[in-house]
Each structure stands twice: as structure tokens, then as C-alpha cells.
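Have a look at the structure below, then the notes.
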Amino acid sequence: MKELTIAVLAVQGAFREHEDMLRRLGCTPHEIRERADWDACPHWDGLILPGGESTVQGKLLHELHLFEPIRQAIRDGLPVFATCAGLILLAEHLADDETVHLGTLPVTVRRNAYGRQLGSFSQNIDCGPVKDYPAIFIRAPYIEQVSAKVTPLAAIDNHIVAARYQNQIGLAFHPELTDDTRIHEAFLDLAKKE
Ligand code: GLN
């Protein structure tokens with residue numbers, strides 16, 4: 001079988017951990033550091049947007065001329081897997097904040113929803129079909145509102161922390177920082193199908 005071409009946005013944040021996870025699953029990651037990296041492949045099977053600092057990532061997407069091609073590819077159906085800051089990049093709205101980055105996921109996301117300093121914790125959660133998953137939250141956002149077409153996948157105290165909309169999966173936590181590969185496997189399954 002042809003190997004999947006999975007792009008990992010590698011301009012800032014926890015991209016290496018996602019790459020390690022992909023390698024563990026037998027898939028070679030392709031780092032996107034500049035426009036030429038994106039243009040090198042005529043058809044990506046999937047894209048990972050890692051955690052980090054969404055404001056910095058959003059700015060770099062524009063400066064590196066990656067913003068338009070990535071947004072268009074997601075709109076055209078590219079499977080995308082976004083964690084934490086990546087979820088913030090995808091959100092159509094941010095709570096109490098006029099900023100919109102890619103804006104392809106019809107949800108409202110609250111940044112630093114658990115506080116800035118003490119907002120890091122881990123908790124086992126059910127995420128769609130993946131049960132009892134050890135989720136790590138670091139200055140995490142949560143999803144405050146979803147449009148009717150969005151499927152919530154996980155929640156803590158009535159706040160949605162994972163959701164899917166068509167080809168887009170957004171998580172408030174960091175599956176790349178655990179030893180549990182199940183959520184990455186689920187994304188690769190989606191990338192295979194689309
Ligand atoms: N708080 C960060 C932001 O707003 C996201 C945190 C993370 O990715 N771990 O960009």
C-alpha cells in the first residue's frame with residue numbers, strides 16, 4: 001500500500017512529539033517549515049496542527065505564506081488533526097476575542113479556559129470510540145459552543161474538549177505527550193479513507 005503523506009506544521013510548538021507518534025505508527029512525517037515544504041507534495045493525505053502558542057503560529061502562517069494554501073486545502077476536505085493551539089487556529093470564533101485564524105471549524109473556542117498558570121492537568125476521558133484515554137491539558141482551551149453540524153467527542157464538566165466536523169478533528173489536549181497511540185491511529189484511519 002502507498003504510504004500516507006502526513007504533513008506536520010513545524011513552525012512552533014510541540015510538533016516533534018507528533019512526529020514521534022507518527023513514526024511509532026509506521027508513518028513518515030513531513031515537516032512543514034516553509035511554503036516550499038507544503039508545495040513539495042501535490043496531494044497531502046493529512047495535516048497535523050500541533051499545540052504551542054496560537055498567536056505566534058497564526059502570525060507565522062501568514063509570514064511564511066502558508067495561510068492561504070492550508071486554509072484552502074482544509075476547505076477542500078484535507079483531513080486535519082489539531083491539538084490545543086491548533087484547535088484555536090481552526091476555530092471559527094474565539095470567546096471574547098475578535099481574532100480568527102483559519103476559521104474552518106464552526107465552533108467557539110475559549111483560550112486558556114482553565115487559567116494560565118495552574119491550568120495544566122491530566123484526566124482520563126472517553127473520546128469518541130476511544131475509552132479511558134489519558135488526556136494531558138496544558139493552558140488548554142475548551143470548546144464553548146458548537147454548530148449543529150459538529151460532533152462533540154469528549155467533554156469534562158459539560159465543556160467540550162474534542163470535536164469533529166467533517167474532515168476536521170480538534171482536541172483541547174495533547175495526545176502526542178502520552179504513550180497511548182489510539183487517537184493518532186484514529187486520525188490515520190480518517191486520512192486513509194478521505
Ligand atoms: N494557550 C495556548 C494558546 O492560546 C495553547 C496552549 C497549548 O497549545 N498547549 O495558544
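The values are calculated or read from the model by the stated rules, or taken from the named source; none is laboratory data. Worth saying up front: this structure is predicted, and the values here are computed from it rather than measured. Quick reminder, even Gly has a Cβ in these numbers, built from the backbone with ideal geometry, and neighbours come from all protein chains shown. The area values use the complete protein model at the heavy-atom level, side chains included, leaving out ligands, DNA and RNA. Shrake-Rupley method; radii C 1.70, N 1.55, O 1.52, S 1.80 Å.
Among the residues here, Leu49 qualifies as at pLDDT 95 or above, within 16 Å of the ligand (Cβ to nearest atom), touching a helix residue (DSSP H, G or I) at 6+ places or on another chain (Cβ under 6 Å) and hydrophobic (A, V, I, L, M, F, W, C). Pairing each residue of the range 50-67 that is hydroxyl-bearing (Ser, Thr, Tyr) with any residue that is more than 8 Å from the ligand (Cβ to nearest atom), provided the two are 6+ apart or on different chains, yields C-beta distances under 8 Å for Ser54/Leu89; Ser54/His101; Thr55/Thr99. Residues that are within 16 Å of the ligand (Cβ to nearest atom) and polar (S, T, N, Q) were ranked within the range 120-166; the one that is farthest from Thr178 (Cα to Cα) is Ser120. Considering the range 150-173, the residues that are assigned to a loop (DSSP other than H, G, I, E, B), out of contact with any Asp or Glu (no Cβ under 8 Å at 6 or more places or on another chain) and in contact (Cβ under 8 Å) with a residue 40 or more places away in the chain include one that is surrounded by the fewest Cβ atoms within 10 Å (Cβ to Cβ), namely Gln166. Checked against (1) modelled with pLDDT of 95 or more; (2) out of contact with any Cys (no Cβ under 6 Å at 6 or more places or on another chain), Phe121 passes all but condition (1).
Take His18 and tell me if it is more than 14 Å from the ligand (Cβ to nearest atom) and touching a residue at least 24 places away in the same chain (Cβ under 8 Å).
Working: more than 14 Å from the ligand (Cβ to nearest atom): no; touching a residue at least 24 places away in the same chain (Cβ under 8 Å): yes.
Taking the combined requirement at face value, the residue does not satisfy it.
Being at pLDDT 95 or above, open to solvent by 20 Å² or more (accessible area, probe 1.4 Å) and within 14 Å of the ligand (Cβ to nearest atom) is not true of Val109.
Scanning the range 75-100 for residues that are open to solvent by 30 Å² or more (accessible area, probe 1.4 Å) and either of a type in the set (A, V, I, L, M) or within 14 Å of the ligand (Cβ to nearest atom) (or both) yields Asp96, Asp97, Thr99, Val100.
In the set (1) under 14 Å from the mean Cα position of the chain (by Cα); (2) within 14 Å of Thr83 (Cβ to Cβ); (3) not charged (D, E, K, R), the condition left unmet by Cys127 is number (1).
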